[in-house]
1. Give the residues of segment 92-114 that are among the hydrophobic types (A, V, I, L, M, F, W, C), crowded, with 16+ Cβ neighbours inside 10 Å and assigned to a strand (DSSP E or B), sorted by residue number.
2. So, in segment 58-74, of the ones that are surrounded by fewer than 17 Cβ atoms within 10 Å (Cβ to Cβ) and in contact (Cβ under 8 Å) with a residue 12 or more places away in the chain, which residue ends up farthest from residue 110 (Cα to Cα)?
3. Mind checking whether some residue in segment 67-75 is closer than 14 Å to residue 33 by Cβ and in a helix (DSSP H, G or I)?
4. Got a number for residues in segment 6-44 being touching a Phe, Trp or Tyr at 6+ places or on another chain (Cβ under 8 Å) and modelled with pLDDT of 90 or more?
5. Given the residues 151, 141, 127, which is the only one that is closer than 16 Å to residue 78 by Cα and either of a type in the set (Val, Ile, Thr) or out of contact with any helix residue (DSSP H, G or I) (no Cβ under 7 Å at 6 or more places or on another chain) (or both)?
6. Which one of these does residue 88 not meet: (1) under 18 Å from residue 62 (Cα atoms); (2) surrounded by 14 or more Cβ atoms within 10 Å (Cβ to Cβ); (3) modelled with pLDDT of 95 or more?
7. Name the pairs whose Cβ atoms lie under 6 Å apart, with the first residue in segment 115-136 and within 27 Å of residue 35 (Cα to Cα) and part of a loop (DSSP other than H, G, I, E, B), the second modelled with pLDDT of 95 or more and among the small types (Gly, Ala, Ser), and 6 or more positions between them or separate chains?
8. Can you list residue pairs whose Cβ atoms sit under 6 Å apart, with the first residue in segment 31-43 being among the polar types (S, T, N, Q) and the second being part of a loop (DSSP other than H, G, I, E, B) and buried (at least 19 other Cβ atoms within 10 Å of the Cβ)? Count only pairs 6 or more apart in sequence or on different chains.
Amino acid sequence: MATAKIVKKEKKVEAPKAVIPKASVYFAGIGRRKASISRVRIYDEKKETTGGGDAIVINDRKFKEYFPLAQLQEVILIPLRVLGEKNTFRVSVKVAGGGIRGQAEATQLGLARAIVKFNEKMRKALRDLGCLTRDSRIVERKKAGLRKARRAPQFSKR
């Protein structure tokens, strides 16, 4: 006689789901530059320190920690300076790809686009500063028979 094994079926007990607080209202914008892509969200929450970049979080790091160069910090803060101090936001950014300069310029474009979604009246001021213009220059592809995109192999007579 064959003996049969009795297998008890265990019920999977799911952990109670975390209660997610009501999501804040945010305005999103996407910026691209070279190989960098930046997803920017501005939350309409009153923070008094946005002008200095304290309320800006980039890839879960503080703004000044992620972009330590003052020149890159200025590039990103241009769209916020157009708003002035009357409107302050909490800004969350996810940026990937490319180098640090491309990421900063992609973040600037994404931030400007998010501000336009928040307040359409800011479009002209941001457009005049060049913040809403996508810089489409990217690396040219390498061609066959060449060393780089345009660099030909060195010619030797002898």
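The values are calculated or read from the model by the stated rules, or taken from the named source; none is laboratory data. As the structure is a computational prediction, the values presented were derived from the model and not from experiment. Note that we place each Cβ from the backbone using ideal geometry, even for glycine, and neighbour counts take in every protein chain shown.
1. 93, 95 - these are the residues of segment 92-114 that are among the hydrophobic types (A, V, I, L, M, F, W, C), crowded, with 16+ Cβ neighbours inside 10 Å and assigned to a strand (DSSP E or B).
2. 69
3. yes
4. Looking only at that region, the number is 5.
5. Values: 151 fails: closer than 16 Å to residue 78 by Cα; 141 fails: closer than 16 Å to residue 78 by Cα.
Within the list 151, 141, 127, the selection yields 127.
6. The number of the failed condition is (3).
7. 131/112; 132/112
8. Matching pairs, first to second residue: 36/98.
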